[in-house]
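A short write-up of the structure that comes next.
What follows is calculated from the coordinates using simple rules that are stated; it is not laboratory data. Keep in mind that this is a model prediction, so the values were computed, not measured. Every residue, glycine as well, gets a Cβ built from its backbone with ideal geometry; the counts of neighbours run over all protein chains shown.
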Ligand SMILES: Cc1ncc(COP(=O)(O)O)c(C=O)c1O
């Protein structure tokens, strides 16, 4: 028999399980600020790749790339707490941590990425990257890949056309946004070997814009297709598209919010998988390990042109607390070998999921690299009809078995597998066994 878990999870002893917190949440938060699950467990504690609810039930968190180095990592907690005791202020003051952190983050990028802006989220980072491209080129037009999500702020939302997030996305773009096909080699317009056609078609869109007198300021894309469930872009895609945008004087923007920072295992940054180098990198989520932190990194001559577009100040972007947390996250990734863990444990997980695909017809394919994987469910492997309702039911059943998992993609038929980078081989085995059980026994 288990004792009262209250003390362990930091809630008063004998907290009533049937409390009204969820009902109050619905009353006081905007309806669009959604939560996972119709009947979510109330989670009040996390540790490594585990989450613990108020009943003391432990869940395996297979979805949380924001908690990149694991929940409640002592080193991150200590760094943040120590700095909170000392100083936290806006980033206009002169203190050491912001400089050290900017140096550290720039050092993870190729030669030439020497200038950093700090913000608080991925939406702000992609928004700023877009505005930088506009300011640096003096042009208003941006090319973006379809079926992507880049954020909720005005500019980042304008380039987001994922219909899962906004069913009216494609028909409501402002006229400065120009889209190219989603380069999805599994279920897009061009599949398999034909996927090599995406790059010349995107280049043609860029060339036509330039020929019509509207050469774009930049092109924004995820460097590894996160919204589709972790689909690698076709080989050479970014190289070709970046070259075209630069030929017309524009800038290449890499959205690394999901896939950057070691998660892909083999590569620290997603663009390295493509062998291409962007001009502006936007990153967030994992860099703060759950603390709101985003960064845009570029070359000095691009950053300097921002002044032509106005004024930049992000009060808590790169604050003393954010900066020391950002450095602690980098320390943990480096010293605990988490990129290598993503490579090794991710490869094991992908192998096991592919094995599962031989047993269960619902699994159309397994996308991804490292600890950024997607299991795509289809009703028919020929037509690729998306198994949308099945995916939702599978996620609900996995929750009952103690695994946190959510759907992604425009058809919501892909399991988005992106656990904290500290996840162990034993834990991913628990996940695959649970998925096997669900697919075998029903959902
Ligand atoms: C690829 C990508 N870019 C940007 C964002 C926006 O980041 P945030 O939610 O931190 O504003 C997201 C969020 O999911 C994302 O997936």
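What the table shows:
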item: 267, 47 arranged by Cβ crowding within 10 Å, fewest neighbours leading; result: 47, 267
item: Mean separation of Cα contacts under 8 Å (6+ apart) over length of the stretch 344-443, as relative contact order %; result: 27
item: Whole-angstrom gap from the stretch 183-239 to the stretch 388-406, using each part's C-alpha centre; result: 32
item: Residue 58 paired with residue 383, simple spin-label distance in nm, labels 7 Å along Cα-to-beta-carbon; result: 4.4
item: Alpha carbon convex hull of the stretch 74-335, volume per residue in cubic angstrom; result: 124
item: Relative contact order of the stretch 74-335, defined on C-alpha pairs under 8 angstrom at six or more residues apart (%); result: 29
item: Protection proxy ranking, peptides 192-198, 404-410, average beta carbon neighbours within 10 Å, highest first; result: 404-410, 192-198
item: Whole-number percent relative contact order across the stretch 173-237, with pairs defined as alpha carbons under 8 Å at least 6 apart; result: 33
item: Cα centroid of the stretch 350-384 to Cα centroid of the stretch 277-316, whole Å; result: 36
item: Least to most buried among 147, 208, 385, 31 (fewest other Cβ within 10 Å first); result: 31, 208, 385, 147
item: For the chain: Kirkwood Rh in Å [reciprocal of mean 1/r, alpha carbons]; result: 22.7
item: Largest to smallest principal axis extent of the C-alpha atoms in the stretch 151-218, angstrom; result: 36, 33, 17
item: Least to most buried among 231, 259 (fewest other Cβ within 10 Å first); result: 231, 259
item: Pair residue 201, residue 172: separation of 7 Å Cα→Cβ label points (nm); result: 2.6
item: Projected label distance in nm at residue 351 and residue 39, using a 7 Å step from Cα toward the beta-carbon; result: 3.9
item: FRET efficiency for residue 189 and residue 358, using Cβ-Cβ distance with R0 set to 22 Å, rounded to 0.05; result: 0.20
item: The stretch 185-279: C-alpha gyration tensor shape, a/c 1.5 cut-off, then a/b vs b/c; result: oblate
item: Modelled FRET efficiency - R0 30 Å, residue 23 with residue 400, Cβ distances, 0.05 increments; result: 0.85
